[in-house]
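**Student:** Take a look at the following structure, please.
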Amino acid sequence: MLAGYMASHVCRHKLHRFARAKSADSVGSYLPIIPQPDGDPMARITTVEQLRTRYGQPHERAVLKETDRLHRHHVRFIELSPFLAISSTGADGRGDVSPRGEKPGFVQVIDDVALAIPDRPGNNRLDTLTNIVTRPNVGLMFLLPGVNEVLRVNGEAELRDDADLMGRFVVNGKPPRLVIVVNVKQAYLHCAKALMRSSLWDERLKVARGVLPSMGEMLNDQIGSAVALEPEAVMLERYKAQLY
């Protein structure tokens, strides 16, 4: 009984301290902390059995739709997609998700078990690429503007700089920095519910850019910099010149 009380007290104390640990210039507030009854420090789900008790088993079609290679409908989805998110994991076990986007067809299907993604100039953090070197498992999620279904592809990635492969992705006379080749292990279409709930493609819900400060303003606020701000229009023109 005492052990349960102490665990509950310590947990509540840590959450309360976290809720108060905001920087002086932060905006907004954390969610209110909900007190937990003594002896029940946190209602955490920690086993697959607990999950299945709450959710039940997956529907048959949800299981049968998964394949270990790209079906013709998957290939068509990739051909039409101008955007994907790629997830990876670092050597420290920390997860990461990064956006990739170009004109539709920028990801090329090599065959039914491999696809290739060009890597263009960026900020040189190399989060995804560094992660792939140490842990090759990646997850891809392809989006199509106006379509509520998404395509998910999981596999093992490798980084390539073969001249012939790089040559397939030349844009405006410029090849990519390298190419990410993903060897497909799982592929399946994901249902439309998440994008339907979010109304992601609803034109009426588009957020005006002016709702947020410029990128430069946000970074200056975040890191406490006094660097002179680059006008938004100038920044966008600079980005356009550096896309490839």
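The values are calculated or read from the model by the stated rules, or taken from the named source; none is laboratory data. Because the structure is predicted, anything quoted here is derived from the model rather than measured. In this analysis, Cβ positions are derived from the backbone assuming ideal geometry, glycine residues included, and neighbour counts consider all displayed protein chains.
**Student:** Determine whether L143 is among the hydrophobic types (A, V, I, L, M, F, W, C) and in contact with a helix residue (DSSP H, G or I) (Cβ under 7 Å, 6 or more places away or on another chain).
**Tutor:** Here the answer is no, as L143 does not meet what is asked.
**Student:** Also, quick follow-up: Which condition breaks for L178 when tested against (1) over 26 Å from A241 (Cβ atoms); (2) out of contact with any Cys (no Cβ under 7 Å at 6 or more places or on another chain)?
**Tutor:** (1)
**Student:** From R204, R197, grab the single residue that is without any contact (Cβ under 8 Å) to a residue 40 or more places away in the chain, among the charged types (D, E, K, R) and closer than 30 Å to V63 by Cβ.
**Tutor:** After applying the criteria, what remains is R197.
**Student:** Sticking with this structure for a sec: Considering region 228-238 alone, what residues qualify as being surrounded by 10 or more Cβ atoms within 10 Å (Cβ to Cβ), of a type outside the set (D, E) and closer than 18 Å to P213 by Cα?
**Tutor:** L229, P231, V234, M235, L236
**Student:** Which one of G93, G139, G167 is without any contact (Cβ under 8 Å) to a residue 12 or more places away in the chain, under 22 Å from Q186 (Cβ atoms) and assigned by TED's automatic domain parsing to the domain that holds R76?
**Tutor:** None of the others qualify; the one that does is G93.
**Student:** Any residue at all in region 217-224 that is assigned by TED's automatic domain parsing to the domain that holds P104 and either outside any strand (DSSP E or B) or farther than 23 Å from K103 by Cβ (or both)?
**Tutor:** No, because not a single residue in region 217-224 is assigned by TED's automatic domain parsing to the domain that holds P104 and either outside any strand (DSSP E or B) or farther than 23 Å from K103 by Cβ (or both).
**Student:** Right, another one. How many residues does region 48-80 contain that are of a type outside the set (A, V, I, L, M, F, W, C) and not in a helix (DSSP H, G or I)?
**Tutor:** Count: 10.
**Student:** Take region 190-227 and flag every residue that is loosely packed, with under 10 Cβ neighbours inside 10 Å and of a type in the set (A, V, I, L, M).
**Tutor:** L205, V207, A208, V211, I223, A226, V227
**Student:** Any residue in region 40-54 that is surrounded by 10 or more Cβ atoms within 10 Å (Cβ to Cβ), acidic (D, E), farther than 30 Å from G224 by Cβ and at pLDDT 95 or above?
**Tutor:** No, region 40-54 contains no residue that is surrounded by 10 or more Cβ atoms within 10 Å (Cβ to Cβ), acidic (D, E), farther than 30 Å from G224 by Cβ and at pLDDT 95 or above.
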